[in-house]
Amino acid sequence: MTALAEMSADALRALHADLVREHEALKSRGLALDMTRGKPSPEQLDLAAGMLALPGNGDHFTEAGEDARNYGGNQGLPEVRALFAPVLGAPPQQIVAGNNSSLALMHDVLVYALLHGVPGGERPWVKEEAISLISPVPGYDRHFALSQSLGIKLIPVALTGEGPDMDEVERLAADPSVKGIWCVPQYANPSGETYSDAVVARLAQMWTGASDFRILWDNAYVLHHLTDARPQLRNVLDACAEAGHGDRPVVFASTSKVTLAGAGLAFLAASPANVGWYLGCAGKRSIGPDKLNQLRHVRFLRDTAGIGAHMEKHRALIAPKFAAVDEVLGRRLGPYGVARWSKPLGGYFIVLDGAAGTAARIVALAKAAGLALTPAGSTHPYGHDPDDRTLRIAPTYPSLAEVEQAAEVIALCTLLAACEKHLP
Ligand code: PLP
């Protein structure tokens, strides 16, 4: 097969006609597929079924002998903080274990920063003229929505395959109105990349115009390996502390995609000053987290080996779905040279770059064929992908058979949209 760019006009027209016919045939099949959100499948949630019976009748005392049913313990149970200390890369005393949803912790950190200011800052962020956060792209749409809802401007910076373009990050961070950067440093949503040691070192060491600059280190996929290759992410708390910027990073993670997406545990890890600041603010908001759920997680996951074994079960369920997408895209798109896609070593997404100017068209063609995709542009702040080419594919939720079907639809629509662009 010839690459699309090298095809004669006649060959292109013939291919286009074939693809249109195939698309019409698909439309008449009445498919109803959805690859929009990175949710765990019901089978993945079933892996934690045993947790629903825990901690069990009468089992509500913590290691310290406290009654987990009662108020208190804003920092979270010491035993759950100890269990997740290796995951977060921080000692238990520098960890807060909260309720479900790390996104909620990110929200609270930003709101507290706006209303009260953060350690090292001169005033509440809301008192500044205008503030911005650097947003590596492609990125996570809920980071964008959260920032925008709080009136924080977003400045996109390209990802390179091993983290953001650091020359650009350093240039932007020198501006005092730039208050921080969003990072999904391991198996990023959606590119799948892991930040290199050099990128982590530069983030830790760089000069920032704002004395209270924060790295929002959303390590949502730290445990979510898809292969035996385990890229080692440098510990950002250590790197920043060594560089004399210990208060710069705030690390987030959760068990949403480890145990139960709607009933997991969320964590925050940071310097002693940041943890003290956070607890001071959070103590006004709540008298303590759901410690029974924390106990339930300790009883179910037990130790580091228990967490690892549980994640292997997830991998067994979802790795074949990622492989299926890759196989279909490779078979159908590879020869035409019209698209690139990631082959992630972990995380929840595949990012597909179609021909420039075709992402919105691919989504529309897929919708017509019965497949819902995340809207084009959602990987970029303000929904603006300047090249209109990047799509996020979320293969975890549908069944393997559905993922295979959906990948066929995506490949067809990607090729058809590229063909339309090339037609004379
Ligand atoms: N951060 C990233 C990068 C995510 O992809 C997601 C979910 O898709 C979340 C955070 C949400 O985490 P939580 O369920 O802990 O709120």
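The values are calculated or read from the model by the stated rules, or taken from the named source; none is laboratory data. Model, not experiment: these values are computed from the prediction. Here the Cβ is made from the backbone with ideal geometry for all residues, glycine too, and neighbour counts use every protein chain on show. Areas reflect the complete protein model, heavy atoms only, side chains present, ligands, DNA and RNA absent. Shrake-Rupley method; radii C 1.70, N 1.55, O 1.52, S 1.80 Å.
Listed values, structure above:
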item	result
Helices (runs of 4 or more DSSP H) within the range 1-102 that include 1 or more residues outside the structural domain of Ala316 (by TED's automatic domain parsing) and closer than 25 Å to Gly280 by Cα	78-88
Residues within the range 142-165 that are open to solvent by less than 10 Å² (accessible area, probe 1.4 Å), away from the ligand (no atom under 16 Å from the Cβ) and not in a loop (DSSP other than H, G, I, E, B), tallied	1
Tally, over the range 246-284, of residues that are of a type in the set (Lys, Arg) and either more than 29 Å from Thr396 (Cα to Cα) or buried (at least 24 other Cβ atoms within 10 Å of the Cβ) (or both)	2
Some residue of the range 113-132 being more than 16 Å from the ligand (Cβ to nearest atom), more than 23 Å from Arg248 (Cα to Cα), more than 22 Å from the chain's Cα centre (by Cα) and in a loop (DSSP other than H, G, I, E, B)	no
Val222 being open to solvent by less than 20 Å² (accessible area, probe 1.4 Å) and at pLDDT 95 or above	no
When residues of the range 389-424 are limited to those that are small (Gly, Ala, Ser) and open to solvent by 50 Å² or more (accessible area, probe 1.4 Å), the one nearest to the chain's Cα centre (by Cα)	Ser399
Restricting the range 231-264 to residues that are in contact (Cβ under 8 Å) with a residue 60 or more places away in the chain and away from the ligand (no atom under 16 Å from the Cβ), the residue that is farthest from His107 (Cα to Cα)	Pro231
First in the range 100-114 and over 16 Å from Ala220 (Cβ atoms) and open to solvent by less than 20 Å² (accessible area, probe 1.4 Å), second anywhere and within 14 Å of the ligand (Cβ to nearest atom) and part of a helix (DSSP H, G or I), Cβ under 8 Å, 6 or more apart	Leu110/Leu146; Leu110/Ser147
Residue within the range 285-296 that is open to solvent by 20 Å² or more (accessible area, probe 1.4 Å) and without any contact (Cβ under 8 Å) to a residue 60 or more places away in the chain present	no
Breaking point among (1) touching a helix residue (DSSP H, G or I) at 6+ places or on another chain (Cβ under 8 Å); (2) of a type in the set (Val, Ile, Thr); (3) under 30 Å from Val20 (Cα atoms), for Val351	(1)
The range 34-84: number of residues that are within 16 Å of the ligand (Cβ to nearest atom) and open to solvent by 50 Å² or more (accessible area, probe 1.4 Å)	4
Matching residues in the range 218-230 - criterion: being among the small types (Gly, Ala, Ser) and either touching a Phe, Trp or Tyr at 6+ places or on another chain (Cβ under 7 Å) or near the ligand (Cβ under 10 Å from one of its atoms) (or both)	Ala220
Close pairs from the range 309-328: first among the β-branched types (Val, Ile, Thr), partner open to solvent by 50 Å² or more (accessible area, probe 1.4 Å) and part of a helix (DSSP H, G or I), Cβ under 8 Å, at least 6 apart	Val328/Glu404; Val328/Glu408
Residue match in the range 340-355 (condition: part of a loop (DSSP other than H, G, I, E, B), among the polar types (S, T, N, Q) and in contact with a strand residue (DSSP E or B) (Cβ under 6 Å, 6 or more places away or on another chain))	yes
